[in-house]
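Reading through the structure tokens given below for one structure.
The values are calculated or read from the model by the stated rules, or taken from the named source; none is laboratory data. Given the structure is predicted, the values throughout are model-derived calculations rather than measurements. Virtual Cβ from ideal backbone geometry, glycine too; neighbours counted across all protein chains shown.
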Amino acid sequence: MTQGFDVVRSLAAGVESRGNAWEFIRGFVANWSEALGDDDGWSEADLAAAEERLGVRLPLALREAYLLLGRRRDLTSNHDVLLSPSELYVDESKEALVFRHENQGVVSWGILLDKLTDDDPAVFIRADLADKAAERWESWLERLSLCFIEIVLSESLQADGEVCDFLSDFDDHGVDLVEQNCTRLPFPAYPMCEEEDTIRWFLGDDVLLRDDGIGLLARGRSEAALDGIRDLLPGDWLNDFR
């Protein structure tokens, strides 16, 4: 629990329904960043213009997410990029509506066109391969609202400032220490882009952790909280200059 906001309990509710997902995001952002404001989302006019240009109706969950936080790049685009309504597009194969890109453009996130009428459709991911014939839209998360929880959590780990860090030499001993000293967050297992490693989330003492299988990302609510996890897990932390 962090200053009255219970990350674990709120997230457990957030993964159960679309409305609870937005409540989790509001609470998390208010406690770990700057609270969402009335001007942080795109307008209905922006979304209507995108729909007219694309010739499709955007899923309800996508509309709600864009209206809630679409303009807050610090919550959506520190590393990977959430496309603006004017940047949304249908892929060349006419299979999916693309709404997010990996930071180097080698992976895209999309919603299958035949699922756009679903309120909270599944999200698929596709790698940009040298062999274009081998590119496939692969299942990623079963609901779009889950994807936006993931976006906010993941992008919070990539924020500017002195409260984020990365540990590359994260071995089995480090995994054991995290599992023994931190709480596993109740978020569904999902792959890291096109990789086979499954991402796991943990909460320590005022510190958010993402175990990617190949490294550990950390975000503290303060520098002291981040230093606490560095002390627990000695190693070559990218931003530790103490």
Being at pLDDT 95 or above and more than 14 Å from Val8 (Cα to Cα) is the filter here, so list the residues in the range 198-210 that pass it. Arg210
Given the conditions (1) small (Gly, Ala, Ser); (2) at pLDDT below 95; (3) over 28 Å from Arg126 (Cα atoms), and given that Ser168 satisfies all but one, which numbered condition is not satisfied? (3)
For the range 9-32, name all the residues that are more than 15 Å from the chain's Cα centre (by Cα) and either part of a loop (DSSP other than H, G, I, E, B) or without any contact (Cβ under 8 Å) to a residue 24 or more places away in the chain (or both). Arg9, Ser10, Ala13, Glu16, Ser17, Gly19, Asn20, Glu23, Gly27
Residues in the range 73-86 that are outside any helix (DSSP H, G or I) and free of Cβ contacts under 8 Å to residues at least 40 places away in the same chain total 2
How about the range 38-58: which of its residues are surrounded by 19 or more Cβ atoms within 10 Å (Cβ to Cβ) and either acidic (Asp, Glu) or under 17 Å from Ile25 (Cβ atoms) (or both)? Gly41, Trp42
Look at Ala49 and say whether it is free of Cβ contacts under 8 Å to residues at least 60 places away in the same chain and in a helix (DSSP H, G or I). yes
Any chance the range 18-27 includes a residue that's surrounded by fewer than 17 Cβ atoms within 10 Å (Cβ to Cβ), farther than 19 Å from Arg72 by Cβ and out of contact with any strand residue (DSSP E or B) (no Cβ under 8 Å at 6 or more places or on another chain)? yes
